[in-house]
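Encoded as structure tokens, the structure appears first; notes follow it.
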Amino acid sequence: MNRNDWHYNSEIIGTNRTELTNIYNFSLPNIKRVYHLKKITIGHFNIVPILTPGHTLGSICYLIEDNLFSGDTVFIEGVGICDLKNVDELYDSIQFLKSYIPRTTLFWPGHSFGEAPGKSLDHLLKNNIYFQFKNKEHFIKFRTRHNQQNYFTFK
């Protein structure tokens, strides 16, 4: 699988991860669609939504200046829970973030498991094991290994 073939999500979201839409088949008034890498402005903030499937099919990180709000996709210590059918997409999402955002970008995850939030991509590249994998198969085997104490033990 290459970067232009986004596997399962391409059927749901559209070619090349460009459209984030109705993944869970519902709509609400006053909710606006966002699109992968298409900047939106709210007040004085320019926000870039980044589709990062893996934890869920609709996982999104938001880049605001040099800050990435990563929700449950990326923690300072590791990555979010994912099921076997989405783990390869989580790998692709991590690889995309590594190639897209500057190394000085600060990560603000939805949870902390011991490390303080606000660490740079450079810090994650050195200290978050999931950012060190260069081989998808190795990433998948490690993330889905059976000897994990729990999903939030990131060593």
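Which value, in debye to the nearest 20, gives the size of the charge dipole of the stretch 36-143 about its Cα centre, when Lys and Arg are +1 and Asp and Glu are -1 at the Cβ? Using only the charged Cβ atoms, the result is roughly 220 debye. Set the Förster distance to 22 Å, then compute FRET efficiency between Q132 and N46 from the Cβ-Cβ distance, nearest 0.05. Working from the Cβ atoms, E equals 0.10. Taken as Cα centroids, the stretch 85-121 and the stretch 62-81 sit 5 Å apart, rounded to the nearest whole angstrom.
Restricting attention to the stretch 36-143, close to 80% of DSSP beta bridges with both partner residues there are antiparallel.
Give me the Å³ per residue figure for the convex hull around the C-alpha atoms of the stretch 36-143. If you can, show how the numbers build up before the last one.
Values: hull volume 10.0 nm³, N = 108.
Roughly 93 Å³ of hull volume per residue.
Given a Förster distance of 35 Å, report the FRET efficiency between N67 and F142 from their Cβ-Cβ distance, rounded to the nearest 0.05. With R0 = 35 Å, the Cβ-Cβ based efficiency is 0.80.
What is the extension gain from L125 to Y100, computed as 0.36 nm multiplied by their sequence separation minus the C-alpha to C-alpha distance, in nm to one decimal?
7.6 nm
Only the coordinates and a few stated rules stand behind these numbers; no lab work does. What you see is a predicted model; the values in this text were computed from it and never measured. Methodologically, a virtual Cβ is constructed for each residue, glycine included, from the backbone with ideal geometry; neighbour enumeration extends over all protein chains shown.
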